[in-house]
Amino acid sequence: MRALLLIDLQRDFVEPGGALYFPKAESVLLPVLNLVEKYKQENLPIITTQDWHEEDDAEFRIWPKHCVKNTHGAELVKQLKDSLAGYQKHIAVRKTRYSAFYGTDFEEILKSHGIDEVEVCGVVTHICVLFTVEELRNRGIRTIVRKEGVASYDESLHTCALRLMSEVLRAEVV
């Protein structure tokens with residue numbers, strides 16, 4: 001079964017004023033929302049990940065404080081939240097590290113839904129997207145990364161991550 005995976009499309013990353021906002025982040029929203037509508041029409045699973053940190057998370061020694069659980073910044077961006085409202089096949093995964101697999105039930109979700117193909121969008125290309133795609137590919141899951149659906153604050157790292165996902169991990173970057 002195929003699923004759409006939307007990585008960290010949260011207010012702190014994608015909306016101006018967010019703790020780790022970067023100007024290119026909004027560019028992914030229209031392609032993502034179009035894919036959401038397509039997946040809803042086909043009644044396929046849509047999985048969202050959210051960075052979800054404690055107030056004193058160790059990650060804040062590396063990055064500025066962001067996506068603290070139950071805060072405005074940790075919420076999905078409004079357009080996505082509205083689009084997914086009431087959709088029965090929306091599955092939320094809250095994570096504390098870069099990979100959607102680390103310390104979550106993401107692997108069990110994939111197995112229990114028979115998901116063997118994942119289409120990926122989200123932010124940041126060279127961080128949470130890359131490390132989640134790496135683990136998807138390690139599990140032999142067909143992975144399609146939508147170029148127009150991923151973004152980074154650093155163009156050279158974005159390009160490098162797309163190359164790594166394509167040339168090393170053998171994800172389909174389209």
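The values are calculated or read from the model by the stated rules, or taken from the named source; none is laboratory data. Please read these numbers as outputs of a predicted model, since none were measured by experiment. Note: ideal-geometry Cβ built from the backbone for every residue, glycine included; neighbour counts use all protein chains shown. Quick note on the areas: whole protein, heavy atoms, side chains included, nothing else; ligands and nucleic acids left out. Shrake-Rupley method; radii C 1.70, N 1.55, O 1.52, S 1.80 Å.
Kindly establish whether Thr159 is without any contact (Cβ under 8 Å) to a residue 12 or more places away in the chain and either closer than 30 Å to Glu54 by Cβ or not in a loop (DSSP other than H, G, I, E, B) (or both). Considered against the rule, which asks whether it is without any contact (Cβ under 8 Å) to a residue 12 or more places away in the chain and either closer than 30 Å to Glu54 by Cβ or not in a loop (DSSP other than H, G, I, E, B) (or both), Thr159 comes out as yes.
Counting the residues of the stretch 1-48 that are among the aliphatic types (A, V, I, L, M) and open to solvent by 10 Å² or more (accessible area, probe 1.4 Å) gives 8.
Is it the case that Arg142 is among the basic types (Lys, Arg), farther than 22 Å from Ala25 by Cβ, open to solvent by 20 Å² or more (accessible area, probe 1.4 Å) and in contact with a Ser or Thr (Cβ under 8 Å, 6 or more places away or on another chain)? Against the criterion (among the basic types (Lys, Arg), farther than 22 Å from Ala25 by Cβ, open to solvent by 20 Å² or more (accessible area, probe 1.4 Å) and in contact with a Ser or Thr (Cβ under 8 Å, 6 or more places away or on another chain)), Arg142 does not qualify. Does Val145 satisfy the condition of being of a type in the set (Val, Ile, Thr), more than 25 Å from Ala19 (Cα to Cα) and touching a helix residue (DSSP H, G or I) at 6+ places or on another chain (Cβ under 7 Å)? When the stated conditions are applied, Val145 passes them.
The set of residues from the stretch 51-110 being loosely packed, with under 13 Cβ neighbours inside 10 Å, without any contact (Cβ under 8 Å) to a residue 12 or more places away in the chain and in a loop (DSSP other than H, G, I, E, B) comprises Asp56, Ile62, Asn70, Ala85, Gly86, Gln88, Gly103. Would you confirm, using the coordinates I've provided, whether Gly140 is out of contact with any Leu (no Cβ under 9 Å at 6 or more places or on another chain) and not in a helix (DSSP H, G or I)? Judged against the criteria, Gly140 is a match.
Yes/no matrix, rows are residues, columns are (1) farther than 22 Å from Met1 by Cα; (2) modelled with pLDDT under 95; (3) surrounded by fewer than 21 Cβ atoms within 10 Å (Cβ to Cβ); (4) of a type in the set (A, V, I, L, M, F, W, C):
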residue: Thr125; (1), (2), (3), (4): yes, no, no, no
residue: Leu136; (1), (2), (3), (4): no, no, no, yes
residue: Ser152; (1), (2), (3), (4): yes, no, no, no
residue: Glu155; (1), (2), (3), (4): yes, no, yes, no
residue: Arg163; (1), (2), (3), (4): yes, no, yes, no
